[in-house]
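The structure under discussion appears below in the form of structure tokens.
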Amino acid sequence: MRNYSTSEVAKLMGVHPNTIMLYEKWGYIISVERKENGYRIYTEAHLDQIKLIRIALKGELIKCYMKFEVQNIIRSAAQGELVKALELSKEYLAHIKKEKNSELKVMKVIEEILKSDLPEERNTSLKRNEVAKLLGVSINVIINWERNGFIEVPRTKNGYRTYGQDEIKLLRVIKALRKENYCTQCISRMVKKLKAKNEEKDIFLYEEKNGAGHWLLSSLPEAESNAKELISYIRELIIKRKG
């Protein structure tokens, strides 16, 4: 059986060598033996596991809890418990399908926010504390959203932030996504998509294509496809190791 160095594995998997060592640190791969000079020795089993990791981490983790589910799948496989990893992957897929149903409600809420024309938002120029009061959140929450890059707020000549109708609507959308436990990266991506749609002057977030409909902000169909690919690959590994 052939052995590989860290750089060889990294090149084969298309990642930086430091990424491979991080996988080891996180317990994502089986223990790695060392030569007398300290260099790591990787085997075909490590390559299989790293490919599994790449598939598991391929898509965006939509909800916060998904991170822990994926970690459990990866670590179970690293410990040689492929059957357990397969069952966890099936549960993960089931959760994604369930989220698709609940996301329908979230997207409709967002669409209503974007179409709304509330008197308290119209032709307004509010300060941060006034916006916080309007939305029913703390000032620190809004500061955190700004630091995460969810929203850029225009400033007056003296440097004060001013929140107009567009900013308030966007903050309402962010609040709705946070309430549903969407992860930071997912919210950031969805906000970018939303800004692009607004620039097109098209606030409709649902479209029909090839006889099927989907929400333009959603990454769940992609996550579902990736989960199916992960299940298929784990099944391949189980057959491979039995043979």
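Among the residues of the range 22-65, those that are part of a loop (DSSP other than H, G, I, E, B) and touching a strand residue (DSSP E or B) at 6+ places or on another chain (Cβ under 8 Å) comprise Val32, Lys35, Thr43, Ile62.
Screening the range 105-156 for residues that are of a type in the set (Lys, Arg) and touching a residue at least 40 places away in the same chain (Cβ under 8 Å) and picking the one that is farthest from Ile168 (Cα to Cα) gives Lys115. Taking the condition in contact (Cβ under 8 Å) with a residue 12 or more places away in the chain, out of contact with any Gly (no Cβ under 6 Å at 6 or more places or on another chain) and open to solvent by 20 Å² or more (accessible area, probe 1.4 Å), does Glu8 pass? For Glu8, the condition - in contact (Cβ under 8 Å) with a residue 12 or more places away in the chain, out of contact with any Gly (no Cβ under 6 Å at 6 or more places or on another chain) and open to solvent by 20 Å² or more (accessible area, probe 1.4 Å) - is met. Within the range 25-56, the set of residues being farther than 26 Å from Leu93 by Cα and under 25 Å from the mean Cα position of the chain (by Cα) comprises Lys25 only. A single member of Leu114, Leu134 is part of a helix (DSSP H, G or I) and more than 24 Å from the chain's Cα centre (by Cα), and it is Leu134.
For every residue, the table says whether it meets (1) open to solvent by 60 Å² or more (accessible area, probe 1.4 Å); (2) under 17 Å from Leu61 (Cβ atoms); (3) at pLDDT 80 or above.
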{"residue": "Arg178", "(1), (2), (3)": "yes, yes, yes"}
{"residue": "Ala196", "(1), (2), (3)": "no, no, no"}
{"residue": "Lys201", "(1), (2), (3)": "yes, no, no"}
{"residue": "Asn210", "(1), (2), (3)": "yes, no, no"}
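The values are calculated or read from the model by the stated rules, or taken from the named source; none is laboratory data. Small disclaimer: the values here were computed from a predicted structure and weren't measured. Positions of Cβ are generated from backbone atoms using ideal geometry, with glycine treated the same way; all protein chains shown enter the neighbour counts. What goes into the accessible areas is simple: the full protein's heavy atoms, side chains included, and nothing from ligands, DNA or RNA. Shrake-Rupley method; radii C 1.70, N 1.55, O 1.52, S 1.80 Å.
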